[in-house]
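A quick write-up on the structure given underneath.
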Amino acid sequence: MIVKETKLKGCYIIEPKVFTDNRGYFLETYNHNTFQQLTGENTRFVQDNESLSSRGVLRGLHYQLGQHAQAKLVRVIQGKVLDVAVDLRKGSPTFGEHVAIELSGENKTQFFVPKGFAHGFIVLEDDTLFSYKCDNFYNKASEAGIIYNDATLNIDWQLPDDDIIVSNKDTILPEFKNAEL
């Protein structure tokens, strides 16, 4: 497993070892001891989530507030997404900055997003299966978000606006400058 920290401290790109032969492939998607050794993070995941989406679906930018904040380990099983994390940690030298990474069933890359970050992704291929682990249980009363097309964040979602499909709930999220942090 290769682990690389991004420009946002605590966000890691994880490239697992993939073993292939004439039968297919095998990979270990998570091992707590290895993860802790390579990242220094002692994260304990308690919930797994999965979504299936078509090309153009944008989910995000979401996060949980306070004691319900969540760290996430995300990956794509099938298809392709552009995955984005935004640093919401006040006082961080990268506060308000984001990092984007392409995750796919083909590259099998994973992305660790720690607490204190907004997270979102846009689906770049039909029938994309997205999976993620969370270190805290979802709490509806603590959910928060930032509008995906915020001018300050200036995220390039790689698709034309006309191709982007956003839920009604995500279209009314506040701008970064007005977000509850």
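Residues that are loosely packed, with under 13 Cβ neighbours inside 10 Å: list the strands (runs of 3 or more DSSP E) wholly contained in the stretch 1-42 that include at least 3 such residues.
18-21, 24-27
From the residues in the stretch 65-93 that are touching a Cys at 6+ places or on another chain (Cβ under 9 Å) and of a type outside the set (Lys, Arg), which one is surrounded by the fewest Cβ atoms within 10 Å (Cβ to Cβ)?
Ala71
Of all residues in the stretch 121-143, how many are surrounded by fewer than 19 Cβ atoms within 10 Å (Cβ to Cβ) and either in contact with a Cys (Cβ under 7 Å, 6 or more places away or on another chain) or among the aliphatic types (A, V, I, L, M) (or both)?
Counting residues in the stretch 121-143 that are surrounded by fewer than 19 Cβ atoms within 10 Å (Cβ to Cβ) and either in contact with a Cys (Cβ under 7 Å, 6 or more places away or on another chain) or among the aliphatic types (A, V, I, L, M) (or both) gives 2.
So which pairs qualify, if the first residue must be in the stretch 39-59 and closer than 14 Å to Gly120 by Cα, the second must be among the small types (Gly, Ala, Ser) and assigned to a loop (DSSP other than H, G, I, E, B), the Cβ gap must be under 9 Å, and the two must be at least 6 apart or on different chains?
That search, which allows pairs on different chains as well, returns Ser53/Gly79; Val57/Ser167; Leu58/Ser167; Arg59/Ser167.
Which condition number does Lys72 fail, the rest of (1) farther than 16 Å from Glu106 by Cβ; (2) over 13 Å from the mean Cα position of the chain (by Cα); (3) among the basic types (Lys, Arg) being met?
For Lys72, the failing item is (2).
Pick out, from the stretch 80-148, the strands (runs of 3 or more DSSP E) lying fully within it that include 1 or more residues that are under 18 Å from Arg55 (Cα atoms) and touching a residue at least 24 places away in the same chain (Cβ under 8 Å).
80-87, 98-104, 117-123, 128-134
Condition first: touching a residue at least 24 places away in the same chain (Cβ under 8 Å), within 16 Å of Asp87 (Cα to Cα) and of a type in the set (S, T, N, Q). Now tell me which residues in the stretch 149-173 satisfy that.
Across the stretch 149-173, the qualifying residue is only Thr152.
Using the structure shown, decide if Gln78 is out of contact with any helix residue (DSSP H, G or I) (no Cβ under 7 Å at 6 or more places or on another chain) and either modelled with pLDDT under 95 or more than 20 Å from Leu38 (Cβ to Cβ) (or both).
Criteria met by Gln78.
When you scan the stretch 66-74, do you find a residue that is of a type in the set (A, V, I, L, M, F, W, C), in a strand (DSSP E or B) and at pLDDT 95 or above, even just one?
Checked the stretch 66-74: at least one residue is of a type in the set (A, V, I, L, M, F, W, C), in a strand (DSSP E or B) and at pLDDT 95 or above.
Of the residues Glu175, Glu180, only one is surrounded by fewer than 14 Cβ atoms within 10 Å (Cβ to Cβ), modelled with pLDDT under 95 and acidic (Asp, Glu); which?
None of the other options fit; the residue is Glu180.
Is it the case that Asp170 is part of a helix (DSSP H, G or I), modelled with pLDDT of 95 or more and surrounded by 15 or more Cβ atoms within 10 Å (Cβ to Cβ)?
yes
The values are calculated or read from the model by the stated rules, or taken from the named source; none is laboratory data. Keep in mind the model is a prediction, meaning the values are calculated, not measured. Cβ: placed from backbone, ideal geometry, glycine included. Neighbour counts: every protein chain shown.
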